[in-house]
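Data first, discussion second: the structure below is written as structure tokens.
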Amino acid sequence: MYRAGAAVLVVGACLGARPADLSAQEAPRPREAGIRIGNLSPGPHDAITDVSGVLVGHATLAEGDSLNTGVTAVLPHGGDLFRERVRAAIVVGNGYGKLVGLSQVQELGELETPILLTGTLSVFRAADALIDTLLASPGNEEIRSINPVVGETNDGFLSDIRARPIGPEHVRAALRDARAGPVAEGAVGAGRGTRALGYKGGIGTASRVVGAGDDSWTVGVLVQTNFGGSLIVDGVPVGDLLAAEAAAAPAEPHDARGGGSVMIVIATDAPLDHRHLERLAERSFGGLARAGASLSHGSGDYAIAFSVDRDAVRLPDGGGLSRLFVAVRDATEEAIVASLFAAETVEGHLGTAEALPVDRTIELLAQAGVLARE
């Protein structure tokens, strides 16, 4: 259990529901609440792991009110990724960030390591630990170059970011925890110390299935939300409505419409090449905007996309591509909402990040007539 002054490393957090020792808010996922963003259906878990072979793991670090951070790992498959690389692309929405590994992915159009997410000043330690871990793996004794991909958002409000607490044990724990199936969301892993849209942010995920002729493809998205703006859910200005009810801005000691960052990880089994993965990643920022992000000067907004399809590229036609673009936009928007729904209030280094009042949010959406009736 969480105790002030006691360091807690939580792993095994991808088993479905949020772990009991880190979750004070038992909220439904957006679709469970009747939220239907777009017309496409999700995969069985409504998660990035609906793309065959994709694994997600978390390691969450909590220590009193000083450290709230962690690592989230996304693996395109469970094999030797250095030898069985996947096509990939990275798109920069706004470059105020510290994403390690960008240039080689863009140059070669492939991903050769798992993707890690963490806090800003720990990104380099996470990258170093990932390199050490992979170099020590059997069969890698002769490797002389490796390109770790590590993204970040700044969790310095809730965590003492200058402590740079992430070490090899956290990276390896997240990698060991990586598995298929339901994905833990909210204040877990790299989402433990983040804030978004005036409330507690975190990790969120969603997926969409696209049918195009004889083909069917899945697009899955995982986000690390830590950005400003005012929350919009399926077109309803929830953030503004909640603020009006409180006759003040959401209970947070900063301008919720200000800066911040987001990491968007996109997986698909569609047979896309590097350029079309870039195009897919670019469309994810449409979901970011629709969720109410301020897209500010001070944000680091990145989208990493990869395809698990390893056959010869046979690009979808224009109609298929357009449906994939819609899928990634809608899944990104829902994943952002999911990150807020799952997050609980966290007391941290410089103050408290309040959880989104999910019950009231659902009431507002019902009043607006946007919730689905089963």
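The values are calculated or read from the model by the stated rules, or taken from the named source; none is laboratory data. Remember, it's a predicted structure, so these values are computed and weren't measured experimentally. No Cβ is skipped: glycine too gets one built from the backbone with ideal geometry, and neighbour counts run over all protein chains shown. Side chains included, ligands, DNA and RNA excluded: accessible areas come from the protein's heavy atoms. Shrake-Rupley method; radii C 1.70, N 1.55, O 1.52, S 1.80 Å.
The length gained on full extension between GLU347 and ASP214, counted as 0.36 nm times the residue separation minus their Cα-Cα distance, comes to 42.8 nm.
Across all Cα atoms of the stretch 105-249, the radius of gyration (one decimal) and Dmax (whole number) stand at 18.8, 63 Å. Based on alpha-carbon atoms, the Kirkwood radius and the radius of gyration of the chain give Rg/Rh equal to 0.95. Just add up the charged neighbours of ASP50: K/R +1, D/E -1, any other residue whose Cβ is under 15 Å from the Cβ of ASP50. Residues near ASP50 contribute -2 overall. Estimated at the nearest 10 Å², the accessible area of ASP311 is 90 Å² with a 1.4 Å probe. By the helix-only formula, in which each DSSP H run with n ≥ 4 contributes -39500 (n - 2.57) and the sum is divided by residues, the chain has a 222 nm mean residue ellipticity of -7500 deg cm²/dmol.
Remark on ARG179: its backbone amide H falls under 5 Å from those of VAL56, GLY57, a criterion applied only to residues 5 or more positions apart or on other chains, H modelled at 1.01 Å from N. Taking amide hydrogens as placed 1.01 Å from N in the peptide plane, the amide H of GLY93 sits under 5 Å from those of ASP301, TYR302, ALA303, each at least 5 positions away in sequence or on another chain.
On the beta carbon distance between ASP240 and GLU84, with R0 = 35 Å, the FRET formula returns roughly 0.15. One decimal place: the segment ILE143-GLN106 gains 11.2 nm when fully extended, by the rule 0.36 nm per residue minus the C-alpha distance. In the distance distribution for the stretch 87-190, Cα-Cα pairs more than 21 Å apart total 40 percent. Counting protein heavy atoms only, the chain has 50 percent of its accessible area on carbon and sulfur, 1.4 angstrom probe. The largest accessible area among SER296, SER207 belongs to the first residue in SER296, SER207, and the rest follow in falling order (1.4 Å probe, all chains).
The mean accessible area for residues of the stretch 152-199, using a 1.4 Å probe and ignoring ligands and nucleic acids, is 29 Å² per residue.
Only bridges whose two residues both fall in the stretch 46-183 count here: according to DSSP, what percent of them are antiparallel, nearest 5? Antiparallel: roughly 75 percent of the beta bridges in the stretch 46-183. Name the residues of the stretch 46-66 whose amide N is less than 18 Å from a point 7 angstrom out from the Cα of ALA163 along the C-beta direction? From the stretch 46-66, the list is 59-66. Separation of the stretch 186-220 from the stretch 128-163 is 23 Å, based on Cα centroids. Mean-square fluctuations from a GNM of the chain, with a 10 angstrom spring cutoff on Cα atoms, peak among GLU112, GLU347, GLU142 at GLU142.
Solvent exposure of the stretch 100-146 amounts to 47 Å² per residue of accessible area, where only protein heavy atoms count and the probe is 1.4 Å. Spelling out what I want: for every residue of the stretch 284-301, take phi, set θ = phi - 60°, compute 6.51 cos²θ - 1.76 cosθ + 1.60 (Karplus), and round to whole Hz; glycine and proline get x. Result, ordered by residue: 5, 5, x, x, 4, 5, 5, 7, x, 4, 7, 6, 7, 4, x, 9, x, 10 Hz.
Using a Gaussian network model of the chain in which every pair of alpha carbons under 10 angstrom is joined by a spring, one finds that among SER52, SER261, SER339 the greatest mean-square fluctuation is at SER52.
Just the number, please: Stokes-Einstein D of the stretch 60-127 in µm²/s, Kirkwood Rh from C-alpha pairs, 4 °C, 1.567 mPa s. Estimated via Stokes-Einstein, D reaches 95 µm²/s.
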